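Q: The structure that follows is given in the form of structure tokens.
The numbers here are math on the coordinates, done by the rules we state, and not lab data. Nothing here was measured: the structure is a model prediction, and the numbers come from that model. Reconstructed Cβ throughout: ideal geometry from the backbone, glycine too, with neighbour counts over all protein chains shown.
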Amino acid sequence: MSAPAYDNDNIFAKILRGELPAHKVYEDDDTFAFLDIMPRADGHTLVIPKRPARNILDADPALLAPVMATTQKIARAIMAAFAAPGILVQQFNEADAGQVVFHLHFHVIPRFGDQKLRPHTGQMADQAVLAENAEKIRAALGG
Ligand code: AMP
């Protein structure tokens, strides 16, 4: 079964082109990281490749290494910024698996024991709180 083609007008492609705002925490030549607008926990960050990929099924394997390297970097920074004892990395492929935005992304979510996560794509966070949390992560990244 073949997946639909990459849609250049998905929300994350628009963020990459600067057509929509985002609380950026990190960027390099290959990857971009920004806060999830409906965070499941404070500091919930998304890591994406700059090159188009719908999800892990169609991605050029060459873009996975930089995306995972950035995911590791962000995981460590979130751990430090929020004093989180654990980090969840989560990634959905196609609607049946829960994918809502069709540009490859990895969720990086701080975890605190049995503290419940907020629902996936639940409630929009306050912009001021997102800005504050993005700053904490950027500070932990050393910038
Ligand atoms: P999924 O495709 O299931 O991994 O979910 C897409 C994720 O993107 C959800 O966690 C949404 O809260 C998040 N999201 C949707 N729109 C935006 C946006 N404009 N900026 C940041 N995160 C977003």
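Q: Tell me, in nm to one decimal, what length is gained between ALA65 and ASP114 on full extension, where the rule is 0.36 nm per residue of separation less the Cα-Cα distance? Could the numbers behind the result be given before it?
A: On the way: separation 49, 0.36 × 49 = 17.64 nm, distance 3.10 nm.
Stretched fully, the ALA65-ASP114 segment lengthens by 14.5 nm.
Q: Under the Karplus relation 6.51 cos²θ - 1.76 cosθ + 1.60, θ = phi - 60°, what is the ordered set of whole-Hz ³J(HN,Hα) values for region 32-38, x standing for Gly and Pro?
A: Going residue by residue, I get 9, 10, 8, 6, 5, 6, 10 Hz, with x marking Gly and Pro.
Q: Before anything else, pin down the relative contact order of the chain: Cα pairs under 8 Å, at least 6 apart, normalised by residue count, whole percent.
A: Numbers: 240 pairs, mean separation 44.3, N = 143.
The normalised contact order for the chain reaches 31 percent.
Q: Along each of the three principal axes of the Cα atoms of the chain, give the extent in whole Å, ordering the values from largest to smallest.
A: Extents along the principal axes, in whole Å: 42, 31, 27.
Q: Identify which of ARG40, ARG118, ARG76 has the largest mean-square fluctuation in a Gaussian network model of the chain, with springs joining Cα atoms closer than 10 Å.
A: ARG118
Q: Within region 91-143, which trypsin sites (Lys or Arg not before Pro) sit in a loop by DSSP and count at most 14 neighbouring Cβ atoms inside 10 Å?
A: Answer by residue number: LYS116.
Q: Oh, and also: Using only the alpha-carbon atoms, how far is helix 127-140 inclined from the longest principal axis of the chain? Give it as 0 to 90 degrees, nearest 10.
A: 80 degrees
Q: Quick one: dipole size for the chain, taken about the Cα centre, charges +1 on Lys/Arg Cβ and -1 on Asp/Glu Cβ, in debye to the nearest 20.
A: The dipole magnitude comes to about 340 debye.
Q: Please give the helix 61-81 orientation as an angle from the longest Cα principal axis of the chain, in degrees from 0 to 90, rounded to the nearest 10.
A: Around 10 degrees separate the two axes.
Q: List the residues, sorted by chain then number, that are 5 or more residues from PHE32 or on another chain and whose placed amide H is less than 5 Å from its amide H.
A: Excluding prolines and chain starts, which carry no amide H, the hits are ILE48, LYS50.
Q: Let me ask you something else. Taking 7 Å along the Cα-to-C-beta vector as the label spot, tell me the ASP58-LYS24 distance in nanometres, rounded to one decimal.
A: 2.6 nm
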